[in-house]
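Everything below concerns the one structure shown next.
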Amino acid sequence: MVKRTITGIVYGLVLLAFFLIKLLVTPDWLGMVLFDVFVVVLSVIGSIEVVQAFGDKLIIPQRIVATVFGTGSILCYAISDTVYKILRAEDPLVVNYSPNFAFVVFGAGMAILFSFLVFAYTKVDLESLGRSIIAYLYPSAFLLVLSGVNHMPNSDYSEVAILYVFAICPCADTFAFFFGKLFGKKLPMKMAPNISPNKTVIGGFGGLLGGGVGAVVIYFIYYGIRGTIDLRWGNMVFFIGLGVLTAAFAEFGDLVESAVKRRLGIKDMGKILPGHGGILDRIDSMLYASLIVCFVFVLRIMTTG
């Protein structure tokens, strides 16, 4: 318990440090690049954990491709979009091809994985291909979205979106834990008994409440410091509603990883974090949270600017 607490505090401080780097480092593109470094490190470690979890069910070339091309997609997008933003400052007519580059790298990785059906016919079957695709996509495809959050064209929304991913997840976890402890015996209905027997529906409800509370705290602290608080009901509904949605996706992300671990017959995805397991055991909820946060804020940028 002590190790878990200490690791959790250190991890929280690391998240805070990289958020402050994103927020305070100038020029803006440098802070963005340094945050991308954090995302790439998560991708490398997470990909290694996944391929190790599959063990000898993947051949060595599959492991290499899943790790290198998964993280390579993130690197390609991050570098090309950063170069675009720097060039755009000099020439507003510069075209952004960063998604195209990232798609090509991502597609190349998929093509190579499929090619092993031919080049390693006796060792790779469709089941093995499926495992390699899982290792390729998880967590890199999700972290590519987090890099997209980092590169949003509206820097204010980018910063708030990262706060949502970093802060809503622990808020939801904390509220879910205490609601489960306080009301779990009286309301014992399980959320997913075959996957995570300790999670209750009432705990899940607490997590959603925690998401809403966390959103309010984030909103007033971030926009309060900037002096741009907007108390119109529509604006508050947006931010609180997104907090609840983020918490729901975070809880589902946790269940997805639990299901993966059960299928693999393992307790943790790794051992790098004492008391927590691996990086993926720590960021599983963040992966799904980043999806809804990115989607909603991009829609807001497109509709309101």
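The values are calculated or read from the model by the stated rules, or taken from the named source; none is laboratory data. The structure displayed is predicted, hence computed values, not measured ones. When we count neighbours, we look across all protein chains shown, and the Cβ atoms used for this are built from the backbone with ideal geometry, even at glycine.
Kindly check whether there is at least one residue in the range 249-265 that is farther than 20 Å from residue 175 by Cβ, touching a strand residue (DSSP E or B) at 6+ places or on another chain (Cβ under 9 Å) and not in a helix (DSSP H, G or I). No, every residue in the range 249-265 fails to be farther than 20 Å from residue 175 by Cβ, touching a strand residue (DSSP E or B) at 6+ places or on another chain (Cβ under 9 Å) and not in a helix (DSSP H, G or I).
Please work out which residue is surrounded by the fewest Cβ atoms within 10 Å (Cβ to Cβ), limiting yourself to the range 60-95 and to residues that are of a type in the set (Val, Ile, Thr) and under 23 Å from the mean Cα position of the chain (by Cα).
Initial filter on the range 60-95 (of a type in the set (Val, Ile, Thr)): 60, 64-65, 67-68, 71, 74, 79, 82-83, 86, 94-95.
Those still in the list that are under 23 Å from the mean Cα position of the chain (by Cα) too: 64-65, 67-68, 71, 74, 79, 82.
On the way: 64: 13, 65: 24, 67: 22, 68: 17, 71: 26, 74: 26, 79: 15, 82: 18.
Of everything passing the filter in the range 60-95, 64 is surrounded by the fewest Cβ atoms within 10 Å (Cβ to Cβ).
Conditions tested, residue by residue: (1) modelled with pLDDT under 95; (2) under 14 Å from the mean Cα position of the chain (by Cα); (3) outside the structural domain of residue 31 (by TED's automatic domain parsing); (4) surrounded by fewer than 23 Cβ atoms within 10 Å (Cβ to Cβ).
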| residue | (1), (2), (3), (4) |
| --- | --- |
| 114 | no, no, no, yes |
| 126 | no, no, no, yes |
| 137 | no, yes, no, yes |
| 146 | no, yes, no, no |
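Of the residues 128, 140, 155, only one is in contact with a Lys or Arg (Cβ under 8 Å, 6 or more places away or on another chain) and in contact (Cβ under 8 Å) with a residue 40 or more places away in the chain; which?
Working: 140 fails: in contact with a Lys or Arg (Cβ under 8 Å, 6 or more places away or on another chain); 155 fails: in contact with a Lys or Arg (Cβ under 8 Å, 6 or more places away or on another chain).
Within the list 128, 140, 155, the selection yields 128.
Looking at the range 9-16, can you tell me whether even one residue there is surrounded by fewer than 17 Cβ atoms within 10 Å (Cβ to Cβ), in the same structural domain as residue 104 (by TED's automatic domain parsing), of a type outside the set (Asp, Glu) and out of contact with any helix residue (DSSP H, G or I) (no Cβ under 6 Å at 6 or more places or on another chain)?
Residues of the range 9-16 surrounded by fewer than 17 Cβ atoms within 10 Å (Cβ to Cβ): 9-14, 16.
Filter again for in the same structural domain as residue 104 (by TED's automatic domain parsing), leaving none.
No: the range 9-16 contains no residue that is surrounded by fewer than 17 Cβ atoms within 10 Å (Cβ to Cβ), in the same structural domain as residue 104 (by TED's automatic domain parsing), of a type outside the set (Asp, Glu) and out of contact with any helix residue (DSSP H, G or I) (no Cβ under 6 Å at 6 or more places or on another chain).
From the list 180, 184, 203, which one is surrounded by fewer than 23 Cβ atoms within 10 Å (Cβ to Cβ) and not assigned by TED's automatic domain parsing to the domain that holds residue 40? Show your work before the answer.
Numbers: 180 fails: surrounded by fewer than 23 Cβ atoms within 10 Å (Cβ to Cβ); 203 fails: surrounded by fewer than 23 Cβ atoms within 10 Å (Cβ to Cβ).
It is 184.
Considering the range 84-96 alone, what residues qualify as being farther than 22 Å from residue 141 by Cβ, touching a helix residue (DSSP H, G or I) at 6+ places or on another chain (Cβ under 8 Å) and part of a helix (DSSP H, G or I)? Result: 85, 86.
Return a yes/no flag: does the range 260-274 have any residue that is acidic (Asp, Glu) and crowded, with 21+ Cβ neighbours inside 10 Å. Walk me through it before giving the result.
Within the range 260-274, the subset acidic (Asp, Glu) is 268.
In the following step, the residues that additionally are crowded, with 21+ Cβ neighbours inside 10 Å were identified as none.
No: zero hits.
Of the helices (runs of 4 or more DSSP H) contained entirely in the range 97-203, those carrying at least 1 residues that are in contact with a Ser or Thr (Cβ under 9 Å, 6 or more places away or on another chain), among the polar types (S, T, N, Q) and farther than 23 Å from residue 268 by Cβ fall at 98-119, 140-150.
Evaluated against (1) at pLDDT below 95; (2) crowded, with 19+ Cβ neighbours inside 10 Å; (3) polar (S, T, N, Q), residue 228 falls short on exactly one condition, (2).
Does at least one position in the range 288-300 carry a residue that is under 21 Å from residue 52 (Cα atoms) and outside the structural domain of residue 127 (by TED's automatic domain parsing)?
no
For the range 240-267, the tally of residues that are over 17 Å from residue 161 (Cα atoms), aliphatic (A, V, I, L, M) and within 15 Å of the chain's Cα centre (by Cα) stands at 2. For the range 275-305, filtering for residues that are surrounded by fewer than 15 Cβ atoms within 10 Å (Cβ to Cβ) and farther than 19 Å from residue 145 by Cβ leaves 4.
All conditions but one from (1) assigned to a helix (DSSP H, G or I); (2) touching a strand residue (DSSP E or B) at 6+ places or on another chain (Cβ under 9 Å) apply to residue 269; the one that does not is (1).
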